[in-house]
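Comments concern the structure below.
The values are calculated or read from the model by the stated rules, or taken from the named source; none is laboratory data. Note that this is a predicted model, so its numbers are computed, not measured. Cβ atoms come from the backbone with ideal geometry, glycine included; neighbour counts cover every protein chain shown.
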Amino acid sequence: MDPVLIGGAALVACSLPVGWFAVASAKGNGREASRHLKSKTAVDLHELLLTRSAEERVVGPVVQTLARRVRRLTPKGFMSSLERRVGLAGLPASWPIERVLAAKLILGFVSVVLALLVLSGGTTRTNLGLAGVVLIVGYQFPDLMLTRRADARQGEIQRTLADAIDQVTISVEAGLGFDAALSRYAETGTGPLAEEFAHLLQDVQLGTGRRAAFEAMLQRTDVDDLRRFVAALRQAGEHGIPLAKVLRTQAEELREQRRQRAEAKAAAIPVKVIFPMIVCILPTLFIVVLGPAVFRIADTF
């Protein structure tokens, strides 16, 4: 392949982190603008505009306009699926759907440029395969990141749910109401589960029904253990079962399920180790053990 084309591809690849940083950078300078707005002294509008970051002044409006146009052309089913993945990843505020669409469009365009650079070296089978991989990875990279973030978030919620219910149970048995116990855990706890409980309480305070707030939380999380916990709370409210007893039972069941999942993962480790052992460990062991004997036999004969 021509070295000039390789250099061009390298430059485009190196520009990706810069473009990504420009799109996804935090709006730190916005706090400076907010400070000027709260000030009682007169502020020059030109100076206030210059305090905003380049992403706020240039990149942000362009990206939003481009994303809105792409959204109008995107099928509703795909948009609903993408919005759900953004919600499961816990990024609806920092990464709205418009920013995800813009990232997919920009990375897709860059991947097309890279694929054309690869194909300019010849339409061989290797170049065609490499160009196809570049196109697929470039366009699907935001989806892969969202899926990975969503899986990690759901796993964290599943791991911390039993401990969270234990803390809520202790607070309820100490005399606090269920909402106050959830609020205490949301204030003292960390992680996505504490954020979801805080979001739940905010929805209830804003006038959303308790049942609807729980359903919205289940849509944002999609964790089976949390779904069973909410169902148990609903049944306890309908049949008048003491809440502390239900919470204690749910915490014990969740701890037992967590132990069973850990045992299942431990039981699957020997099967997962077989392939790397056959490919990597056993050949090296044979070389170290049998290598000197092979050389001695060769010298003898």
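When only residues in the range 234-266 that are of a type in the set (A, V, I, L, M, F, W, C) and free of Cβ contacts under 8 Å to residues at least 24 places away in the same chain count, which is farthest from residue 150 (Cα to Cα)?
If we take residues in the range 234-266 being of a type in the set (A, V, I, L, M, F, W, C) and free of Cβ contacts under 8 Å to residues at least 24 places away in the same chain, then 241 is farthest from residue 150 (Cα to Cα).
Restricting attention to the range 184-214, and to residues there that are assigned to a helix (DSSP H, G or I) and in contact (Cβ under 8 Å) with a residue 24 or more places away in the chain, which single residue is surrounded by the most Cβ atoms within 10 Å (Cβ to Cβ)? So that I can check it myself, show each step before the final result.
Within the range 184-214, the first condition is being assigned to a helix (DSSP H, G or I), and the residues that meet it are 184-188, 192-205, 210-214.
Imposing the further condition that a residue be in contact (Cβ under 8 Å) with a residue 24 or more places away in the chain reduces the set to 192-197, 204.
On the way: 192: 19, 193: 24, 194: 18, 195: 16, 196: 22, 197: 22, 204: 16.
The qualifying residue surrounded by the most Cβ atoms within 10 Å (Cβ to Cβ) is 193.
Looking only at the range 139-169, filter to residues that are modelled with pLDDT of 85 or more and among the polar types (S, T, N, Q); which one of those is farthest from residue 252 (Cα to Cα)?
Looking at the filtered set, the residue picked out is 154.
Pick from 215, 196: which is of a type in the set (Asp, Glu), touching a helix residue (DSSP H, G or I) at 6+ places or on another chain (Cβ under 7 Å) and modelled with pLDDT of 85 or more?
Numbers: 215 fails: touching a helix residue (DSSP H, G or I) at 6+ places or on another chain (Cβ under 7 Å).
It is 196.
Quick one: which of 268, 264 is assigned to a helix (DSSP H, G or I), outside the structural domain of residue 225 (by TED's automatic domain parsing), surrounded by 10 or more Cβ atoms within 10 Å (Cβ to Cβ) and modelled with pLDDT of 85 or more?
Numbers: 264 fails: surrounded by 10 or more Cβ atoms within 10 Å (Cβ to Cβ).
It is 268.
Being of a type in the set (S, T, N, Q) and exposed (fewer than 15 other Cβ atoms within 10 Å of the Cβ) is the filter here; which residues of the range 121-146 pass it? Break it down stepwise before answering.
First, pick out the residues of the range 121-146 that are of a type in the set (S, T, N, Q): 123-124, 126-127, 140.
Within the range 121-146, 123, 124, 126 qualify.
Restricted to the range 215-245, and to residues that are farther than 21 Å from residue 176 by Cα and among the polar types (S, T, N, Q), which residue is surrounded by the most Cβ atoms within 10 Å (Cβ to Cβ)?
221
Using the structure shown, decide if residue 161 is part of a helix (DSSP H, G or I) and outside the structural domain of residue 228 (by TED's automatic domain parsing). Spell out how you get there, then give the answer.
Numbers: part of a helix (DSSP H, G or I): yes; outside the structural domain of residue 228 (by TED's automatic domain parsing): no.
Criteria not met by residue 161.
Hey, among 166, 151, which residue is within 19 Å of residue 225 (Cβ to Cβ) and loosely packed, with under 14 Cβ neighbours inside 10 Å? Please lay out each step first, then the result.
Values: 166 fails: loosely packed, with under 14 Cβ neighbours inside 10 Å.
None of the others qualify; the one that does is 151.
Each row is one residue, and each column tells you yes or no for (1) within 30 Å of residue 217 (Cβ to Cβ); (2) at pLDDT 75 or above; (3) outside any helix (DSSP H, G or I).
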| site | (1), (2), (3) |
| --- | --- |
| 68 | yes, no, no |
| 84 | yes, yes, no |
| 110 | no, yes, no |
| 115 | no, yes, no |
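(1) modelled with pLDDT under 85; (2) under 24 Å from residue 81 (Cβ atoms): which one isn't true of residue 130, the others all being true?
Just one mismatch for residue 130, condition (2).
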